[in-house]
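The values are calculated or read from the model by the stated rules, or taken from the named source; none is laboratory data. The structure displayed is predicted, hence computed values, not measured ones. Cβ: placed from backbone, ideal geometry, glycine included. Neighbour counts: every protein chain shown. Keep in mind that these areas ignore ligands, DNA and RNA; they rest on the heavy atoms of the full protein, side chains included. Shrake-Rupley method; radii C 1.70, N 1.55, O 1.52, S 1.80 Å.
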Amino acid sequence: MSYKNEIESNKVPEHVAIIMDGNGRWAQQRGNDRSFGHEHGVDAVRSVVEGAAEVGVKYMTLYAFSTENWNRPQGEVNALMALLVHAINEETETLDKNNVRFHTIGDTSSLPQEVQNRLNFIKNRLKDNTGLNLVIALSYSSKWEITQAVKQIAHDAKEGVIAPDEVNEQTISNYLNTADFPDPELMVRTSGEQRISNFLLWQLAYAELYFTPKLWPDFRKEDLFEAIYQYQQRERRFGKTSEQIQEKNA
Ligand code: IPE
Ligand code: IPE
Ligand code: MG
């Protein structure tokens, strides 16, 4: 049985966000260094990108490197940066063939120049594609993003571009890195940790959270299908009562 056949096509989340966690533990279980786990994490990315496109997910945001991850040992940070360049070089063709568009969120100006160059290259190369929007969070943290937004709003208010009394939820969304994307309906985290780790705090306000013990390098599209299937079994009430929701669906 495949969960893919169980998924209701009219209830597929438009945006799925994933905290790809557990690479280090996966490698350590195999007696290897942590970077070995990051390398194998790329196989999981390839599979879920394919799977997301297959079931009609429109946006997929992958948390690849957090602001806090800069505090890891320098060797691991360097290996991750090198892997990013390598993965972009290897995957661009396939992503293009699959009609994927590529975006980033986060403080990409803090990344090594070589990484920034490759990111600009792939974004530009895939810019006319119309399929899945793949969003990679790099040097990203939600508190950083919200702080940037507040700064810019204060600046624009001072300059008279916006009126303080007119600031509403939509204004805030518009100033975030994710302004062009709908909020995720589903957030998946691998590796058994049950926390958000500074990821999309504003955007996940009403997301369904799905945690799996599977370590990221073992995660495949079938696991994504299972998460989407489980998501579809839930009742999203948005503060209303169950009766109200069922009336509306009747
Ligand atoms: C996720 O795996 C990848 C990044 C955060 C870059 P980890 O490297 O956090 O792996 P664990 O959680 O230590 O096993
Ligand atoms: C979250 O994973 C960041 C990414 C997956 C890129 P971490 O492994 O850094 O999170 P914590 O430190 O366990 O919360
Ligand atoms: Mg981790």
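From largest accessible area down, sort Asp128, Asp107; use a 1.4 Å probe on the protein chains. If you can, show how the numbers build up before the last one.
Details: Asp128 120, Asp107 45 Å².
Largest accessible area first, the residues go Asp128, Asp107.
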Whole-Hz Karplus couplings 3J(HN,Hα) for the stretch 221-226, θ = phi - 60° and coefficients 6.51, -1.76, 1.60, Gly and Pro as x, run 4, 4, 5, 5, 4, 4
Going by Cα centres, the stretch 78-99 and the stretch 185-237 are how many Å apart? 24
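Can you tell me, using C-alpha contacts under 8 Å and at least 6 residues apart, the relative contact order of the stretch 104-250 as a whole percent?
Contact order relative to length: 19 percent.
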Tyr63 accessible area, assembled protein chains, probe 1.4 Å, Å²: 20
Probe radius 1.4 Å, ligands and nucleic acids left out: which of Lys214, Lys240 has the largest accessible area, and how do the rest follow? Lys240, Lys214
Excluding residues fewer than 8 positions from Lys127 in its own chain, the lysines with Cα under 24 Å of it are Lys58, Lys97
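When the convex hull of the Cα atoms of the chain is projected onto a plane and the area is averaged over all directions, what value comes out in nm²?
That works out to 15.9 nm².
Say R0 is 30 Å: what FRET efficiency, to the nearest 0.05, do Asn5 and Thr241 get from their beta-carbon distance? Intermediate results must be reported in sequence, preceding the final value.
Numbers: r = 32 Å, r/R0 = 1.08.
Given R0 = 30 Å and the Cβ-Cβ separation, E is 0.40.
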Starting from the Cα-Cα distance between Ile196 and Asp128, subtract it from 0.36 nm times their residue separation and give me the gain in nm to one decimal. 21.2 nm
Expressed in square angstrom to the nearest 10, the accessible area of Met20 with a 1.4 Å probe stands at 40
Keeping every protein chain in place, order Asp223, Asp180 by accessible area at 1.4 Å, biggest value first, i.e. largest first. Asp180, Asp223
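Run the accessible area of the stretch 48-182 with a 1.4 Å probe and give the carbon-and-sulfur part as a rounded percent.
Numbers: 3300 of 6960 Å².
Summing carbon and sulfur atoms, their accessible area is 47 percent of the total for the stretch 48-182.
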Run the 1.4 Å probe and let me know the accessible area of Arg46, rounded to the nearest 10 Å². 100
Computed over the chain: relative contact order in percent, which uses C-alpha pairs under 8 Å that are six or more apart: 30
